[in-house]
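The values are calculated or read from the model by the stated rules, or taken from the named source; none is laboratory data. Bear in mind that the values here come from a model prediction, so they are computed numbers and not experimental data. Note that each Cβ is placed from the backbone with ideal geometry, even for glycine, and that neighbours are counted across all protein chains shown.
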């Protein structure tokens, strides 16, 4: 039998919740020191439960739990700050972030960089209408935090710097390389790759290139099953992050 773990007031976010038995919830959380955790919130669906108001997405909370094995029991939750006001595009983008984390972040993998880039992206979504740029920067930072860093500085075949006036393709086995005569793969302008590297993405063309490149890389890690929120985003017309 595994040892009993007791954690008090760990900072994190609620990513997802689902009904469990008659009155409880199973809650997926992202925490600073314990990575992604799955906790049972007993009685949280009751009208009088004190946990209900704090079990909301996009709000930093303090979590306490006890655990013996893979799943723990939530013993206390309190809001550290008021919930971020995400509306419209930003709200859909926030749910996309959460689903991406649920699919890519393994349980119990301590990685404070993931929590940091998630929190920063929520701040961008709450403060700006530019959801497309916020999503692309999050995807780039998340890949790096997970150990899948994209080299946007050099051609992986010859080591030469990415040139703004050249076109490149992305090979999953290696990285970015000059397109040459290969006309069957997506071409990326060096100018747009540099814009992504410098966290600029100030025009629609660079945002489109970033979406295609990062989407292709993420798909390689997600596998065949599509993200539900991404399918919703694709159906929205005239949205920068859905084009």
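What single numbered condition from (1) outside the structural domain of residue 122 (by TED's automatic domain parsing); (2) more than 16 Å from residue 121 (Cα to Cα) fails to hold for residue 14?
So residue 14 meets the others, but not (2).
Only one residue in 55, 63, 39 is part of a loop (DSSP other than H, G, I, E, B), closer than 22 Å to residue 103 by Cβ and not assigned by TED's automatic domain parsing to the domain that holds residue 145, so which one is that?
Details: 63 fails: part of a loop (DSSP other than H, G, I, E, B); 39 fails: part of a loop (DSSP other than H, G, I, E, B).
Going through 55, 63, 39 in turn, just one is part of a loop (DSSP other than H, G, I, E, B), closer than 22 Å to residue 103 by Cβ and not assigned by TED's automatic domain parsing to the domain that holds residue 145: 55.
From 165, 205, 141, 151, which residue is touching a strand residue (DSSP E or B) at 6+ places or on another chain (Cβ under 6 Å) and either assigned by TED's automatic domain parsing to the domain that holds residue 122 or modelled with pLDDT of 95 or more (or both)?
Working: 165 fails: touching a strand residue (DSSP E or B) at 6+ places or on another chain (Cβ under 6 Å); 205 fails: touching a strand residue (DSSP E or B) at 6+ places or on another chain (Cβ under 6 Å); 141 fails: touching a strand residue (DSSP E or B) at 6+ places or on another chain (Cβ under 6 Å).
Among 165, 205, 141, 151, only 151 is touching a strand residue (DSSP E or B) at 6+ places or on another chain (Cβ under 6 Å) and either assigned by TED's automatic domain parsing to the domain that holds residue 122 or modelled with pLDDT of 95 or more (or both).
For residue 137, all conditions in the list (1) outside any loop (DSSP other than H, G, I, E, B); (2) without any contact (Cβ under 8 Å) to a residue 60 or more places away in the chain hold save one; what is the number of the exception?
The one condition residue 137 does not meet is (2).
Please enumerate the residues belonging to region 23-42 that are out of contact with any helix residue (DSSP H, G or I) (no Cβ under 9 Å at 6 or more places or on another chain), closer than 19 Å to residue 104 by Cβ and surrounded by fewer than 23 Cβ atoms within 10 Å (Cβ to Cβ). Reasoning before the result, please.
Applying the first criterion (out of contact with any helix residue (DSSP H, G or I) (no Cβ under 9 Å at 6 or more places or on another chain)) to region 23-42 yields 23-27, 29, 34, 37-42.
From the residues that got through so far, the ones that are closer than 19 Å to residue 104 by Cβ too are 27, 29, 34, 37-38.
Hits for region 23-42 are 34, 38.
Kindly indicate the residue of region 208-233 that is outside any helix (DSSP H, G or I) and loosely packed, with under 13 Cβ neighbours inside 10 Å and also modelled with the lowest pLDDT among those meeting that condition. Please lay out each step first, then the result.
Kept after step one, since they are outside any helix (DSSP H, G or I), are these residues of region 208-233: 223-227.
Within this subset, residues satisfying the condition of being loosely packed, with under 13 Cβ neighbours inside 10 Å are 223-226.
On the way: 223: 81, 224: 76, 225: 76, 226: 71.
Ranking the qualifying residues of region 208-233, first place goes to 226.
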